[in-house]
1. So what's the net charge close to residue 99: Lys and Arg +1, Asp and Glu -1, counting the other residues with Cβ under 9 Å from its Cβ?
2. When the gyration tensor of the chain is built from Cα positions, what are the square roots of 5 times its three eigenvalues, in whole Å, from largest to smallest?
3. To the nearest 10 degrees, how steep is helix 54-71 against the longest Cα principal axis of the chain, on a 0 to 90 scale?
4. In deg cm²/dmol and to the nearest 500, what is the mean residue ellipticity at 222 nm of the chain if only DSSP H runs of at least 4 residues count, each as -39500 (n - 2.57), divided by the residue total?
5. If contacts are Cα pairs under 8 angstrom and at least 6 residues apart, what is the relative contact order of the chain in percent?
6. Could I have the simple spin-label model distance between residue 110 and residue 186, label points 7 Å from Cα toward Cβ, reported in nm to one decimal?
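Any read-out appearing in this document is the output of simple, stated calculations on the displayed coordinates, not a laboratory observation. Model, not experiment: these values are computed from the prediction. In this analysis, Cβ positions are derived from the backbone assuming ideal geometry, glycine residues included, and neighbour counts consider all displayed protein chains.
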Amino acid sequence: MPAVVESYPAHVPPEYRRKCTREDCRVLAAAGLLDLERYELIDGELVSKMGKSRLHSNVLRLLAKWLVAVFGEDFVGKEVSVRLDSLNELEPDAVVLNKPALSIQADNPTPADIRLLVEVAVPTREYDLGPKAARYAAAAIPEYWVLDIDQSRIVVHRAPTPTGYQSIAAYAANEPLSPLAAPHAVLHLTSLLP
């Protein structure tokens, strides 16, 4: 009679995995083995970026127009990779810099260059509110917004700590919201919905 054998987990154990660094990714891309436009680096692992829907693109376009009106074209970027550390390089949908984009020559912006990051969470709400928010807080990004279109709200993260944001508040679509870096400017989510 055969003996009963226990089953083992189907995932690859962590000790068999090799984490990638930003430099590893650059070398692979230079060799033509990796398309960096398709991935984000989070905790040393390559995570496939989600495709953008027409709704996502339209909301991002309107958001970018508002951010440029508030902060100026030289300080706003769309889909710019942000270098958090050697194992994390994420690409938020919109970035507000604290200096002109053209003054950042050598590499992608770092947390010290950032005033505000924004994600348009059409299909990516859990990822944007979970892993991305945690990494941005740990990197001391002062303010992070998630435009949660499905729930008709903007989730605002402020007061970063190494373990997360101390202040997380949801603004309904018709509630006014002002960025910390521009308290005079007011945004309503309804103004971004086509």
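1. Within the 9 Å Cβ shell, the charges total -2.
2. 33, 21, 16
3. Tilt of helix 54-71: around 50 degrees.
4. It comes out at -5000 deg cm²/dmol, rounded to the nearest 500.
5. Once divided by the residue count of the chain, the mean separation gives 14 percent.
6. Computed distance between label sites residue 110 and residue 186 equals 3.9 nm.
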